Amino acid sequence: MTDPDTREPAYRRVLLKLSGEALMGDEPYGISHAVLERIAQEVQEVAAAGVQVAVVIGGGNIFRGVAPAAEGMDRATADYMGMLATVMNALALQDALESHGLPTRVQTAIEMQQMAEPYIRRRAMRHLEKGRVVIFGAGTGNPFFTTDTAASLRAMEIGADVVLKGTKVDGVYTDDPVSNPDAMRYRRLTYMDVIAQDLRVMDATAITLCRDNRLPIVVFNCVKPGALLRVVMGEDEGTRVEAEEAKP
């Protein structure tokens, strides 16, 4: 019989950033039910470890389906459409989390009271303290800002210990690991490494916000079984971006 894991998590409160594309699975766009269920199960395991979880989710998986119609469209209008796509993803994730027994709240930067609460910082923090997962939709509520920036901003507002950037790969590599099997995973990078080498961990605004507020980022594979829990427990999973000197 295996002894239960009695270790303390490395973080008390985390902000999980999920790209919309991560929800597609093998589909060209839309939401994969299997991927959504897997992510919900991963979040459930982390919440069971006593970690408070907030989520910012992108909308690329849905907006990709209407992107041809958005060509030539005013940028602000297209960005507002993208914000609506993030709300659709937030509601889908909320449904998946609640099917696993996790109390969840969706808060949006643009008011839509029939579906979600408006974003109120103190209310979001109170939900987290009560063990609810809080999903932030509609980005920052402003065009010209990405959901990466929204994730950094919300993480700082709620006092998160770290931003966990969920992607389809195991971290940041020296080269494309698909085309180059000798590519090495960086275990640690500095914010300036990311900016100077244009590593595209997050957009420059998000990286700068994290750097200025010394908020660490961990890039990991969000659909890899157990990866989220391993990151939260402080194991060697993914790539950590912080102010200290980094090694490949």
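Among the residues of the range 7-30, none is identified as surrounded by fewer than 16 Cβ atoms within 10 Å (Cβ to Cβ), within 14 Å of the chain's Cα centre (by Cα) and assigned to a loop (DSSP other than H, G, I, E, B). Checking every residue in the range 202-209 against the condition of being in contact (Cβ under 8 Å) with a residue 40 or more places away in the chain and either in contact with a strand residue (DSSP E or B) (Cβ under 6 Å, 6 or more places away or on another chain) or closer than 19 Å to ALA10 by Cα (or both) gives zero matches. Looking at the range 92-105, can you tell me whether even one residue there is among the hydroxyl-bearing types (Ser, Thr, Tyr) and surrounded by 20 or more Cβ atoms within 10 Å (Cβ to Cβ)? Checking the range 92-105: at least one residue is among the hydroxyl-bearing types (Ser, Thr, Tyr) and surrounded by 20 or more Cβ atoms within 10 Å (Cβ to Cβ). For the range 87-105, check the following and say yes or no: at least one residue is at pLDDT below 95 and among the acidic types (Asp, Glu). No, that holds for no residue.
Would you point out the residue of the range 90-101, among those that are in a helix (DSSP H, G or I) and within 14 Å of VAL53 (Cβ to Cβ), that is farthest from the chain's Cα centre (by Cα)? Looking at the filtered set, the residue picked out is GLU98. Within the range 61-86, the set of residues being at pLDDT below 85 and within 27 Å of LEU164 (Cα to Cα) comprises ILE62, PHE63, ARG64, GLY65.
Check every one of the strands (runs of 3 or more DSSP E) wholly within the range 137-231 and list those with 1 or more residues that are of a type outside the set (Val, Ile, Thr) and either farther than 28 Å from GLY25 by Cβ or over 14 Å from the mean Cα position of the chain (by Cα) (or both). Because the criterion is at least 1 residues that are of a type outside the set (Val, Ile, Thr) and either farther than 28 Å from GLY25 by Cβ or over 14 Å from the mean Cα position of the chain (by Cα) (or both), the strands (runs of 3 or more DSSP E) in the range 137-231 that meet it are 188-190.
Among the residues of the range 70-89, count how many are of a type in the set (A, V, I, L, M) and within 19 Å of the chain's Cα centre (by Cα). Qualifying residue count for the region: 5. What number of residues within the range 197-221 are of a type outside the set (D, E, K, R) and under 18 Å from ASP176 (Cα atoms)? Selection size over the range 197-221: 7. If you scan the range 124-141, which residues turn out to be touching a residue at least 60 places away in the same chain (Cβ under 8 Å) and either among the aromatic types (Phe, Trp, Tyr) or surrounded by fewer than 16 Cβ atoms within 10 Å (Cβ to Cβ) (or both)? Result: GLU129, GLY131, PHE136.
For VAL178, the criteria (1) exposed (fewer than 14 other Cβ atoms within 10 Å of the Cβ); (2) under 24 Å from ILE57 (Cβ atoms); (3) at pLDDT below 90 hold in every case but one, which is (2).
Filter the range 151-201 down to the residues that are closer than 15 Å to ASN221 by Cβ and among the small types (Gly, Ala, Ser) and list them by number. Of everything in the range 151-201, those that are closer than 15 Å to ASN221 by Cβ and among the small types (Gly, Ala, Ser) turn out to be GLY166, GLY171, ALA183. For the range 31-48, filtered to residues that are among the small types (Gly, Ala, Ser) and closer than 15 Å to GLY101 by Cβ, the residue that is surrounded by the fewest Cβ atoms within 10 Å (Cβ to Cβ) is ALA48.
The values are calculated or read from the model by the stated rules, or taken from the named source; none is laboratory data. Since the model is a prediction, treat every value here as computed from it, not as a measurement. No Cβ is skipped: glycine too gets one built from the backbone with ideal geometry, and neighbour counts run over all protein chains shown.
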